[in-house]
Amino acid sequence: MGGLGLAFCGGMFVLSSRVLIYFQSVEMIGDLLAQQLLSMVLLTFFSMLIFSNIITALSNLYLSKDLELCHSIPVSVEELFISRSLYTFVDSSWMVIIFALPIFLAYGYVYEPDLGFYLSLIHMNVAMAIIASCIGILLTMVLVHIFPAQRTKDIVLLLSIFMVVALYLLFRFLRPERLVNPEAFFSVAQYVSALKVPDSPFLPTHWITETLWAHLNPVEGRPAESGIEILLIWATAASAVVINVWIAHFIYFDGFSKSQEAKKRRAGGKRLLDLMIMSVSKPFGKDLSAIISKDIRSFFRDNTQWSQLLLLAALIVVYLYNFSVLPLDKSPIRLDFLQNELAFLNMGLAGFVLSALCTRFVFTAVSAEGDAYWIIRSSPMRLKRYLWGKYIFFVFPILILAEVLIVATNYLLDVTLFMMILSSVTIGFMTFGIVALGIGVGAIYPKFKHENIGQVSTGFGGFLYMIISALFIGLIIILEAGPVYMLFMSQVKGSVISPIEWLFIVLSFSAVVVIIGVAIFRPMKAGLKALQRYE
Amino acid sequence: MIKLINLTKFYRGLRAVDRINLKIEKGVCFGFLGPNGAGKTTTIRMMAGVLKPTEGQIIINGHDLAKYPSAAKQCVGFIPDRPFMYEKLTGLEFLHFVAGLYGLDSTSMLNRRIGDLLGLFELKQREEELIESYSHGMKQRLIMCAALVHQPKVLIVDEPMVGLDPKGARLVKNIFREQAAEGTTIFMSTHSLEVAEEVCEEIAIIQEGRIIAHGTAGELREQAGMDGNLEDIFLRLTQER
């Protein structure tokens, strides 16, 4: 994980440096663009910090299990609030600041400012993080004062998912790739206005931008006057802390107390769920029907679960959209060749999308039983039936999704009938393997003790599953590449395939069948054994 | 009927349960006592099919649990000490879920039985609420409903009175007596010597994984060589070793 983080930071630094060097080379508007980018980056991180603080504050100030003990010891509410706020500040800020650092260092690398830039960068970012933390914590206190903490958690989670989906779709549909195509814009003014960032002299990010820019561009900047911004940001940070502690004195304990009260929660959407369960679970036996109906109800009543379907929907829309805007006609490669080559590679890409999806939903299927797994274990249902039941439950919806992805993208690419059939059949069989790997590896590495099922997929087992399924998908693609090329070229050239080539084709496809068979049965068997041994 | 033959369980080299041999007849309420960490819960979890024994056999109603787990578990209702359930189901849905696991048809008879059980355990008013909003005691009572829904021949119970108020505790004691009178074999571990004395016809005391005393309350008095209540006998027997 550390390596991944370093690679990400390194990549961000290189990318940011290249962008800034490019901006410097643009006459007239280059520096303006760099300043706009700085302002945009700061505003983005400031918003992220506020949001991250809301999430962390909910847990640290209201929902943590150790809070009961903390509130029972002889310390004042203010002391407790300050200590938990400090935790919240550190917890939610360190990662955002570390990931923002490469971008600021890239500015330092490209503009070669004086030491004052780095000093201002450090202390002003800390001040900004304090302000963001105070805003986040204050918002949390107000929300919990109005709604109970558990409800606030759901609301914040839903809002965050909607926000991510909206931002993702918005960003994609803005088509940022057009920025590198000058023909897409009529004038410099239009180009600059496309990058315009909402800014205000009352925003802490504005004060940081002004100060940093004064160091980065001393000719046009005002280094001598930037002291006022430093004063402003630290005064605001200090005032925010005092105001938060003062407000906490009145409303924090009330909110905490409310969050401890058990609320009557009736089951929502019962009729709709009953209808769905009746139609889905009918073909299964009584025991499996019971499991399926329990899984469906639990899934749709848990906001942390079903809301992820929104992310999935956004992912699919953008996936398909990307294919619809591919500039195939501008490629120097022959169109029919390119279309079919892309369709072939798309099988692998769709496979990876499916395996990412399965990591979240299928790999966690066994662990989702949580502490209640004893009910399954002590019931007369055999574990083999339980595991295969889970498999069948997941394999068909994922198969439908896989086919929709492949057929729709092939349609957008306008591929040949041969490629359409080949990719539909391949992704279909691949899905059976990907799902079995998910259930099997999930059963080998079950994690019944968890607070949030999302954490399960980010553990070692989830990582291993991603690697194994990527290898599986890669192997299938590699094995099919040769024979598909031969068959496609014989169609294009109208040539006859030799007996040796036929043998090669048959052997390759047979190997694909064998590998898919192994991917289905081997992990399921190993998963069953592991579950039987589990204590 | 329950038979434990040389039942043994090792945990990372530690012998948690050491060659236990017990035979409990049909319709007997059996109390399983012992200090903390003596091996009570491990024994019970093995009997419920949640843990695999290292050695030995568990026979439930004539079925070997290792060889015929489905048939053996079909006869068992298990009530664990901690009421972990699916919190996003309502009480009613949870009971239907458990009934499904035991292969019961969703008939009007089942609905009536579930309704009766919810009424008996005073959960009828809250049956449409999600389990996550239940108190500990309510969850414990719901687990008991779930264990009884398929009318088991053997009831395995781990610390049944934890989290129950006096009214709930009395209700549970009465239900156990009634179940035993109807022919259900009850194997119950408890810390409450008062409950054991009140409800159980036969008692075994386990210490460091071994049965150190077994019999009726009168027989235990003889073994301890003293008169007095079960608490005195328990303390004498467990301190002697």
How do the pairs read when you match residues in segment A:14-41 that are surrounded by 15 or more Cβ atoms within 10 Å (Cβ to Cβ) with residues anywhere that are of a type in the set (D, E, K, R) and outside any helix (DSSP H, G or I), using Cβ under 6 Å and keeping only pairs 6 or more apart or on different chains? A:SER39/A:ASP199
Exclusive hit being at pLDDT below 75, out of contact with any strand residue (DSSP E or B) (no Cβ under 8 Å at 6 or more places or on another chain), within 30 Å of A:ILE131 (Cβ to Cβ) and not assigned by TED's automatic domain parsing to the domain that holds A:ALA57, set A:SER307, A:SER281: A:SER307
Check off (1) out of contact with any Lys or Arg (no Cβ under 9 Å at 6 or more places or on another chain); (2) touching a residue at least 60 places away in the same chain (Cβ under 8 Å); (3) under 23 Å from B:LEU101 (Cβ atoms); (4) not β-branched (Val, Ile, Thr) for B:LYS153 and give me the number that stays unchecked. (1)
Selected residue (criterion: surrounded by the most Cβ atoms within 10 Å (Cβ to Cβ)) from residues of segment A:350-386 that are farther than 22 Å from A:GLY459 by Cβ and more than 10 Å from every other protein chain (Cβ to nearest Cβ): A:GLY351
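Select, from A:THR364, A:THR426, the only residue that is of a type in the set (Val, Ile, Thr), assigned to a helix (DSSP H, G or I) and in contact with a helix residue (DSSP H, G or I) (Cβ under 8 Å, 6 or more places away or on another chain). Don't jump to the end; show me each part of the working.
Values: A:THR364 fails: assigned to a helix (DSSP H, G or I).
Of A:THR364, A:THR426, the one residue that is of a type in the set (Val, Ile, Thr), assigned to a helix (DSSP H, G or I) and in contact with a helix residue (DSSP H, G or I) (Cβ under 8 Å, 6 or more places away or on another chain) is A:THR426.
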Those residues of segment B:33-76 that are among the hydrophobic types (A, V, I, L, M, F, W, C), out of contact with any Asp or Glu (no Cβ under 9 Å at 6 or more places or on another chain) and assigned to a strand (DSSP E or B) come to a total of 4
Need the failing condition index for B:GLN125 against (1) within 11 Å of another protein chain (Cβ to nearest Cβ); (2) farther than 29 Å from A:PHE284 by Cα; (3) at pLDDT below 90, just the number. (3)
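Return the only residue of B:ASN61, B:ASN36 being touching a Lys or Arg at 6+ places or on another chain (Cβ under 6 Å) and surrounded by fewer than 20 Cβ atoms within 10 Å (Cβ to Cβ). Please lay out each step first, then the result.
On the way: B:ASN36 fails: touching a Lys or Arg at 6+ places or on another chain (Cβ under 6 Å).
After ruling out the rest, the residue left standing is B:ASN61.
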Only one of A:LEU387, A:LEU412, A:LEU401 is assigned to a helix (DSSP H, G or I) and within 24 Å of the chain's Cα centre (by Cα); which? A:LEU401
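Restrict the check to segment B:101-112 and report whether at least one residue is within 14 Å of chain A (Cβ to nearest Cβ) and assigned to a helix (DSSP H, G or I). Break it down stepwise before answering.
Restricting attention to segment B:101-112, the residues satisfying the condition of being within 14 Å of chain A (Cβ to nearest Cβ) are B:101-107, B:110.
If we keep only those that are assigned to a helix (DSSP H, G or I) too, we end up with B:101, B:110.
Within segment B:101-112, one or more residues are within 14 Å of chain A (Cβ to nearest Cβ) and assigned to a helix (DSSP H, G or I).
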Report whether or not A:SER423 is within 14 Å of chain B (Cβ to nearest Cβ), crowded, with 22+ Cβ neighbours inside 10 Å and either within 22 Å of the chain's Cα centre (by Cα) or under 24 Å from A:ALA313 (Cβ atoms) (or both). no
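Against the definition (surrounded by fewer than 23 Cβ atoms within 10 Å (Cβ to Cβ), among the hydrophobic types (A, V, I, L, M, F, W, C), more than 9 Å from chain A (Cβ to nearest Cβ) and in contact (Cβ under 8 Å) with a residue 40 or more places away in the chain), how does B:ILE44 come out, yes or no? First the steps, then the outcome.
Numbers: surrounded by fewer than 23 Cβ atoms within 10 Å (Cβ to Cβ): no; among the hydrophobic types (A, V, I, L, M, F, W, C): yes; more than 9 Å from chain A (Cβ to nearest Cβ): yes; in contact (Cβ under 8 Å) with a residue 40 or more places away in the chain: yes.
Spelling it out, it is not the case that B:ILE44 is surrounded by fewer than 23 Cβ atoms within 10 Å (Cβ to Cβ), among the hydrophobic types (A, V, I, L, M, F, W, C), more than 9 Å from chain A (Cβ to nearest Cβ) and in contact (Cβ under 8 Å) with a residue 40 or more places away in the chain.
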Please state which one of B:LEU51, B:LEU65 is under 25 Å from B:SER192 (Cα atoms), modelled with pLDDT of 90 or more, within 14 Å of chain A (Cβ to nearest Cβ) and out of contact with any Leu (no Cβ under 9 Å at 6 or more places or on another chain). B:LEU51
Can you tell me which residue is nearest to the other protein chains (Cβ to nearest Cβ) among those in segment B:128-167 that are more than 29 Å from B:ILE60 (Cβ to Cβ), assigned to a loop (DSSP other than H, G, I, E, B) and of a type outside the set (S, T, N, Q)? B:GLU128
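In this structure, does A:GLY389 turn out to be small (Gly, Ala, Ser), within 14 Å of chain B (Cβ to nearest Cβ) and either in contact with a Leu (Cβ under 8 Å, 6 or more places away or on another chain) or surrounded by fewer than 21 Cβ atoms within 10 Å (Cβ to Cβ) (or both)? Steps first, answer last, please.
Numbers: small (Gly, Ala, Ser): yes; within 14 Å of chain B (Cβ to nearest Cβ): yes; either in contact with a Leu (Cβ under 8 Å, 6 or more places away or on another chain) or surrounded by fewer than 21 Cβ atoms within 10 Å (Cβ to Cβ) (or both): yes.
So A:GLY389 passes the test.
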Among the residues in segment A:506-516, are any farther than 22 Å from A:ALA356 by Cβ, in contact with a Gly (Cβ under 9 Å, 6 or more places away or on another chain) and of a type in the set (Gly, Ala, Ser)? yes
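Suppose we filter segment B:150-165 for residues that are modelled with pLDDT under 85 and over 12 Å from the mean Cα position of the chain (by Cα); how many remain?
Residues of segment B:150-165 modelled with pLDDT under 85: B:160-165.
Retained after the next criterion (residues that are over 12 Å from the mean Cα position of the chain (by Cα)): B:162-165.
Of the residues in segment B:150-165, 4 are modelled with pLDDT under 85 and over 12 Å from the mean Cα position of the chain (by Cα).
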Kindly list the number of the only condition in (1) crowded, with 19+ Cβ neighbours inside 10 Å; (2) at pLDDT below 90 that fails for A:TYR411. (1)
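Going by what's in this entry, would A:PHE521 be described as surrounded by 12 or more Cβ atoms within 10 Å (Cβ to Cβ), closer than 23 Å to A:LEU342 by Cβ, modelled with pLDDT of 90 or more and in the same structural domain as A:ARG377 (by TED's automatic domain parsing)? Explain how you work it out, then say what you get.
Working: surrounded by 12 or more Cβ atoms within 10 Å (Cβ to Cβ): yes; closer than 23 Å to A:LEU342 by Cβ: no; modelled with pLDDT of 90 or more: yes; in the same structural domain as A:ARG377 (by TED's automatic domain parsing): yes.
It is false that A:PHE521 is surrounded by 12 or more Cβ atoms within 10 Å (Cβ to Cβ), closer than 23 Å to A:LEU342 by Cβ, modelled with pLDDT of 90 or more and in the same structural domain as A:ARG377 (by TED's automatic domain parsing).
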Considering only segment A:182-275, give the helices (runs of 4 or more DSSP H) lying wholly within it that have at least 3 residues that are at pLDDT below 80. A:188-194, A:227-260
For B:VAL76, work out the one condition from (1) within 10 Å of another protein chain (Cβ to nearest Cβ); (2) at pLDDT 90 or above; (3) surrounded by fewer than 16 Cβ atoms within 10 Å (Cβ to Cβ) it doesn't fulfil. (3)
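The values are calculated or read from the model by the stated rules, or taken from the named source; none is laboratory data. Keep in mind that this is a model prediction, so the values were computed, not measured. Don't worry about glycine lacking a Cβ; one is built from the backbone with ideal geometry, like all the others, and counts go over all protein chains shown.
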